[in-house]
Amino acid sequence: MYSLLFDIIIEVLGILFLLYSFFIILSYLIITVLSALEMRDHLRKNKFADYLDVVTSPVSPSISIIAPAYNEGLNIVQNAKSLMTLHYSKFEVIIVNDGSKDDSVEKMIESFDLVKTDFAYNPSIDTKAVRAIYKSRNRSFAKLTFVDKENGGKADALNAGINVSTMEIIACIDVDCILSSDSLTRMARPFMEETNRKVIAVGGVIGVANNCEVKDGTVTDYRVPDTLLGKFQVIEYFRSFLMGRMAWTRLNGLMLISGAFGFFNREVVLKVGGYFPQTVGEDMELIVRMRRYMEEEKKPYKVGFVPDPLCWTEVPESEEILSRQRNRWMRGTIETLQLHKKIGYNPKYGVLGMISYPFWSIYEKSAPIMETIGVLYTLAMIITGDFSAIYLVALFVLIYFFSVLISSFSILYEQLAYNNYKNKKDLRSLLKVILIEPFLIHPKVVWWGLKGHWDFLKGKGGWGVMIRTGFKKAVEKQDVSVSQN
Amino acid sequence: MYFKAKYCAKWVLVKSLLLFFMTSLSAQEDEIVEFNSIPIEEVMLKGRELPGVRFLYTVTIPSQSDLSGYALSKSGRGNIWTSDTLNFYLDALAIKDTVQNTFELEGEIQSLLFDEKIDRDGLQAYFDNLVRNELYILEAEEEAEERIGELVVLGNKIPFKPYYKLKIQVLTDIRMIILITFLSFFVLAAIILVVVIFVIKTKKRNRDVLVRRFKDLCYEPLSNFLFEHSLEEIQQMDKYGIVEKLPKNLMHKPLFKDVMIQEIISLNKNMKGEFKQKLKLIYRKLELDKHTLQKLEAKRWDIITTGIVEINEMDVVEAEGKVMKFVNHQNFYIRSNAVATLLNISNDTDLNVLADQEYPLSRWQQMIYYRIIRYTKDKRNIGHLLESKNQSVRVFGIKLIRYLGLIDQLEKLLGMFEIASEAEKIEMIRCFNLFGFIDSLERVYAVLKSDNQTLVLESIKLIENLGEKISTTALFEFCKLTSDFEAKKAAMRAIYKLDPSIFEAYFSESEDEVENKINLHLKDPVLANV
């Protein structure tokens, strides 16, 4: 009896794993094709766009750039100056000091001749206390607003910036990001092009700046990082931005815009109550909530994506920092999916509920767990002897070559679309990383993901019981925020 | 060291096999399978070889006799003689019989399993397992015996499962079938993708190389035409005269024509006066306009759009009719460029092409059209756009009045104000405000009751700019009723500007926290200046 039951479980599990692998492969093949089509269309559209007009046209939307900063004293002045020199006519720069313990405030005051003002701060989104709002006496810096507030995390700082902002579009960026001078014009385009639907948000590509040469705030010479982890992240960013997000854009199912470089319709952001500070995945959570709001209000909308290289950031090359980042990303994903479980598999929410949510839930959130169970299953089969060597080899070959194929495509996409990494040595080095990534890095990524799951279960990240129940409606976040505070 | 390692390996092997047999035996206990054990002696006496089993004959003799002639060798210090390890039991039995007959000594046949001594029961259990697990097939041996001399017999004697059984097992394993299906699917999909990407990459690379080459080939002749020939000289030349100076063999190639057009357009954008005329003349003389018009028949939207853009840049006015059919095309880029081209090349003073737009105008389109209309505003009847059935066109029309400073249209706008949509009203109020159109003030007070925040804010701005002291009454009323922070701030700002004394009297002593905040904000000198 025991033997029969065991055999059935083994058989069923084996088939389930196979089906899971099959659907992953199928999904990624579809993503590859969709992203290729979207990239082709984007490049064709680019031929007919004159971005110079956008800079000066009275029709162009106004933009508030919001950059939260925590202990960025070393670079904050340089970065603020860089933001103020972007090529655009109607924009303001809001730097939010999130209770830094270093000399960020003093440096900003000194460098920009800032003075404390009686700015009428309207907390339409609840935030930690704002200590002061500074403006410059120098008219050259009229575009700059500096907000000094108590520490409350990135989302809280962004919310304070949103409260202060006055423009139509808000651009939320990391203060240490390097932006291309034409980044605002290019990111404004999707907001300007749409005719029948409201563009609620537009995401951009984040490039890896490690080892690259930067001149006047723009990357002039692309080089891959020296470390294995750095190179791995270059490939990973290609896969994520040039393939994943492009494909989701084609389906209008994009659920994540990078917190380091995202543009949002201010009106909709305010309607849904801004960022949710209780989650570590505030960037994903905001997009899901905005989309959910539009679906619930039955308003046609779109989330756009611009694949042009416009923003660069330094990625962590130390294993410790990277593991913390991945742990945070995993917790953010779980938290967001948990908060918005109502939309999952719900046809009322269209593509969001029936495609995007299930994909994230099954493949992104559960991947580390499924992979670990798969490995344990294989080991158990080997130990009990109920395993065919042919089967093992075939499965291994399938998964390995699939991973290599997808990564190679992402590099090819970059080469076909932008060809930034011109050095053959760099390309060879990236290809080598593709071959060893499944053995050396992927297991670590899975482990970090598992730790993220574990930390989520332990309640790391300040989750309360109430939040775990999720929102009944997208706009209910505001009530939750207030009660949490 | 080597022997030690060998011994260890053997030990591990034996233990593993034993473990295997034991687990097999325990597993067998759960199954209800009938198994008839065959005594091991029956098999051994038939002279069959058992895998892993060897035999050793040992005898002790009392005297100093020499038994080396009997295939025995002396071992140890005593008079113990042993045979070599023998594969067949019958060989050991033969030696035993010989020694017994000659010296009347019994001796002993020992069984060895993988060179380890094993008793009879152990040997029997091992044999039973071989048979049970089909590692030793009795029937095959028996059949083989009947066909002695045939090569196939030797094959059948190998006591392993035949291949066809493995094949059947592979095909009956559902997981294996699914995996093979996935593998085949994946390999097929991967091959298709790789081939497609490879083809695209190769095509792109070849195209890039050709484009670079063609650009080099075009550049010099075009420069010569521009700087060494007058407009009249070019006019007098026929197609062949111009082709003479260009790479003749390439002139029929579509890609070369495309590169040539792009080079002409690029130069045209950067040149002025007669140079522009020369370029357009060369374009016409080389009949590149025909190539451009062919693009309008293409299926790909980007090729059609390229054709339309070329018509626009090269002023191919005779293509107006052909472009007209694209003005309400479902593709955004085709539609946008078609309208832009017609605004450029046609004599449509009433801007009918714009007024008759079926799709809403995006901001991107408005930006492009504004750029074109800005330079020809005197010839255009912008007012006609206000009569369009398309609301976004009417809104754009009002924006144009503001951007182009068409003050004469303000009365018309005021006439339309009551029936206008909120989006139109917002633009109208901006217009009135910008041009200080005082007649609009009375109409705007009513708008303060609207739920549309932008509309309200624009109205307050207008009142702030054009209002009088009396206007503050309406603004005070508004301040009392509204809970919107931005609107209250705007209204207070307007009151502060219109009548500072009333503002002070009312707000400086206010107990309302929001009003106090705004009061301080409005009086802050730094904020007032930025």
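FYI, it's all coordinate maths here, none of it is from the lab. Just so we're clear, the structure is a prediction, and the values are computed from it rather than from any experiment. Using ideal geometry, Cβ is built from the backbone for each residue, glycine included, and neighbour counts are taken over all protein chains shown.
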Exercise. With Rg and the Kirkwood Rh both taken from Cα atoms, where does Rg over Rh land for region B:420-471?
Worked result: 0.92
For this session: Divide the volume of the convex hull of the Cα atoms of chain A by its number of residues and quote the answer in cubic angstrom per residue.
Result: 157 Å³
Problem set entry | Angle in degrees between helix B:254-270 and the longest Cα principal axis of chain B, rounded to the nearest 10 | 40 degrees
Problem set entry | Largest-first principal axis extents of the Cα set of region A:146-257 (Å) | 42, 40, 27
Exercise. Among the lysines in region B:442-499, how many pairs, 8 or more places apart or on different chains, have alpha carbons under 15 Å apart?
Worked result: 12
Exercise. Taking the highest mean first, how do the peptides B:184-195, A:270-281, B:250-261 order by number of other beta carbon atoms within 10 angstrom per residue?
Worked result: A:270-281, B:250-261, B:184-195
For this session: Round to the nearest 10 and give me the degree value, 0 to 90, for the angle of helix B:163-172's Cα axis relative to the longest principal axis of chain B.
Result: 40 degrees
Problem set entry | Distance from region B:274-343 to region B:406-444 (C-alpha centre basis), Å | 38 Å
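Using the 10 angstrom Cβ neighbour count as an exposure proxy, how do A:396, A:191 rank, fewest first?
If I rank by nearby Cβ atoms, fewest first, I get A:396, A:191.
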Exercise. What is the Cα radius of gyration of region B:162-286 over 2.2 N^0.38 Å, N being its residue count?
Worked result: 2.07
Problem set entry | Under the span-like rule (Cα at least 27 Å along the axis, Kyte-Doolittle mean at least -1.0), DSSP H helices of chain A | A:2-46, A:319-339, A:389-417
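What is the dipole size for the protein assembly as shown, taken about its Cα centre, with +1 at each Lys and Arg Cβ and -1 at each Asp and Glu Cβ, in debye to the nearest 20?
3120 debye
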For this session: Take every Cα-Cα distance within region A:12-111, group them into 5 Å bins from 0 onward, and report for each bin the whole-number percent of pairs it holds.
Result: 2, 10, 11, 10, 8, 9, 10, 10, 10, 9, 6, 3, 1, 0
Exercise. Using the count of nearby Cβ atoms within 10 Å as a rough guide to exposure, how do B:278, B:272, B:248 rank from fewest to most?
Worked result: B:272, B:248, B:278
For this session: Enter the mean projected area of the convex hull around the alpha-carbon atoms of chain B, in nm², rounded to one decimal.
Result: 59.6 nm²
Exercise. Roughly what would the spin-label model give for residue A:375 and residue B:356, points 7 Å off Cα along C-beta, in nm?
Worked result: 6.8 nm
For this session: Within a 10 angstrom radius of each residue's Cβ in A:187-196, how many Cβ atoms of other chains show up on average? Whole number is fine.
Result: 4
For this session: Beyond 15 Å, what share of the Cα-Cα pairs of region B:446-530 is found? Please give it as a whole percent.
Result: 54 percent
For this session: With viscosity set to 1.567 mPa s and temperature to 4 °C, compute the Stokes-Einstein D of the protein assembly as shown, Rh being the Kirkwood radius across alpha carbon pairs; µm²/s, no decimals.
Result: 36 µm²/s
For this session: Using per-residue counts of other Cβ atoms within 10 Å, averaged over each peptide, order A:438-449, B:389-400, B:505-516 from highest down.
Result: B:389-400, A:438-449, B:505-516
Problem set entry | Förster radius 51 Å - calculated FRET efficiency between residue B:124 and residue A:396 (Cβ-Cβ, nearest 0.05) | 0.75
Exercise. Under the definition of partner shielding as Cβ atoms of other protein chains within 10 Å of a residue Cβ, what is the mean value for peptide B:515-528?
Worked result: 4
For this session: Would you mind checking the tilt of helix B:332-345 against the longest principal axis of the Cα atoms of chain B, expressed as 0 to 90 degrees and rounded to 10?
Result: 30 degrees
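Students often get this wrong, so check it: of B:325/B:389; A:231/A:422; A:271/A:298; A:45/B:280; A:198/B:412, which have C-alpha atoms separated by over 22 Å?
Going by Cα-Cα distance, A:45/B:280; A:198/B:412 fall outside the 22 Å limit.
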Exercise. When averaged across all projection directions, what area in nm² does the alpha-carbon convex hull of region A:50-176 cover?
Worked result: 7.6 nm²
Exercise. What average count of beta carbons from other chains do you get within 10 Å of the Cβ of residues in B:186-198?
Worked result: 4
For this session: May I ask you to work out the translational diffusion coefficient for region B:242-375 at 25 °C, viscosity 0.890 mPa s, via Stokes-Einstein with Rh from the Kirkwood sum over Cα pairs, reported in whole µm²/s?
Result: 157 µm²/s
